[in-house]
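**Student:** One structure follows; several queries about it will come next.
The values are calculated or read from the model by the stated rules, or taken from the named source; none is laboratory data. Every value quoted in this text rests on a predicted model; they were computed, and no experiment measured them. Heads up, the Cβs are rebuilt from the backbone with ideal geometry, glycines too, and the neighbour counts pull from every protein chain shown. Side chains are part of the model used for accessible areas, which takes the heavy atoms of the whole protein and leaves out ligands, DNA and RNA. Shrake-Rupley method; radii C 1.70, N 1.55, O 1.52, S 1.80 Å.
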Amino acid sequence: MKQSTWDAIVNNDKSYDGLFFYAVKSTQIFCRPSCKSKIPNQKNVNIYTTSAEALQNGFRPCKRCCPTDRTWVESSEDISNKAISYMKKAYQEEVQLNQIASAIAVDPYHLVRTFKKQTGRPPLEFLQEFRVMKTKEALIHTSLSITEIALNHGFNSTAYFSTVFKKFTGYTPSQFRKLELLNKAH
């Protein structure tokens, strides 16, 4: 094995992704060079030029870096934009991280790392903030009860909705609605 190949594995060098795959004999798993898994013992590593070659030799794909899934070629921005688009469409439903990742065909852990690197916060925090923005509109422009607003915007309980709303606005939903009514009156 060339020293540059080993260095790429040790340093999780993304620029080598697609140029080769490495397989670990002791685990029977193969990865991309950028995989953040534990650094293997060099004597246990085989190098393959394609993922198909690694599969033919009896290795299974890593669940962390998904080397057989070509979506890893996408940029962090593409992955984040797809996740944002999905969350904006599904914000009224109860959404789990696994659902978002599955909808955009990426590993959940990769989604969290990529999204946080791109936006500065995890996907579910973005979703909560987006829901709060939508509920603020509903509190101002409708006469729906707070419970109806909570349930219509993906929150499974009024208590949880109030906690999340206060986290982002500093007010409970009822306090926010009263303040907005007072501001409209003046």
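**Student:** Where in region 12-116 are the helices (runs of 4 or more DSSP H), entirely inside, with at least 3 residues that are more than 30 Å from S157 (Cβ to Cβ), open to solvent by 40 Å² or more (accessible area, probe 1.4 Å) and without any contact (Cβ under 8 Å) to a residue 60 or more places away in the chain?
**Tutor:** Where helices (runs of 4 or more DSSP H) fall fully within region 12-116 and carry at least 3 residues being more than 30 Å from S157 (Cβ to Cβ), open to solvent by 40 Å² or more (accessible area, probe 1.4 Å) and without any contact (Cβ under 8 Å) to a residue 60 or more places away in the chain, they are 51-56, 76-90.
**Student:** Now, a different point. Can you report the number of residues in region 24-56 which are within 25 Å of the chain's Cα centre (by Cα) and more than 21 Å from K2 (Cβ to Cβ)?
**Tutor:** Start the filter on region 24-56 by keeping residues that are within 25 Å of the chain's Cα centre (by Cα), which leaves 29-39, 51.
From what is left, the residues that are more than 21 Å from K2 (Cβ to Cβ) are 29, 36, 38.
Qualifying residue count, region 24-56: 3.
**Student:** Checking P173 against (1) free of Cβ contacts under 8 Å to residues at least 24 places away in the same chain; (2) over 23 Å from E77 (Cβ atoms), which single condition isn't satisfied?
**Tutor:** Result: P173 passes all but (1).
**Student:** Which condition from (1) closer than 30 Å to S75 by Cβ; (2) assigned to a loop (DSSP other than H, G, I, E, B); (3) open to solvent by 60 Å² or more (accessible area, probe 1.4 Å) is the one that G154 breaks?
**Tutor:** Result: G154 passes all but (3).
**Student:** Among the β-branched types (V, I, T), modelled with pLDDT under 90 and at negative phi - does that describe any residue in region 149-163?
**Tutor:** The answer is no; no qualifying residue exists.
**Student:** Please find, among F59, F21, the residue that is of a type in the set (F, W, Y) and within 25 Å of the chain's Cα centre (by Cα).
**Tutor:** Result: F21 is the single residue among F59, F21 that is of a type in the set (F, W, Y) and within 25 Å of the chain's Cα centre (by Cα).
**Student:** To continue, here is another question. So for region 177-184 (the condition being at pLDDT 95 or above, open to solvent by 70 Å² or more (accessible area, probe 1.4 Å) and either part of a helix (DSSP H, G or I) or over 16 Å from E94 (Cβ atoms) (or both)), does at least one residue qualify?
**Tutor:** The answer is no; no qualifying residue exists.
**Student:** Could you check, for region 115-125, whether at least one of its residues is under 24 Å from P67 (Cα atoms) and touching a Lys or Arg at 6+ places or on another chain (Cβ under 7 Å)?
**Tutor:** Looking for residues that are under 24 Å from P67 (Cα atoms) and touching a Lys or Arg at 6+ places or on another chain (Cβ under 7 Å), one finds at least one in region 115-125, hence yes.
**Student:** Please find, within region 137-151, the residue that is most open to solvent (accessible area, probe 1.4 Å) out of those that are touching a Pro at 6+ places or on another chain (Cβ under 9 Å) and in contact (Cβ under 8 Å) with a residue 24 or more places away in the chain.
**Tutor:** So, considering only residues that are touching a Pro at 6+ places or on another chain (Cβ under 9 Å) and in contact (Cβ under 8 Å) with a residue 24 or more places away in the chain, the one most open to solvent (accessible area, probe 1.4 Å) is I146.
**Student:** Can I ask one more? Restricting to region 5-35, what's the tally of residues that are modelled with pLDDT of 90 or more, over 13 Å from P61 (Cα atoms) and among the charged types (D, E, K, R)?
**Tutor:** Qualifying residue count for the region: 1.
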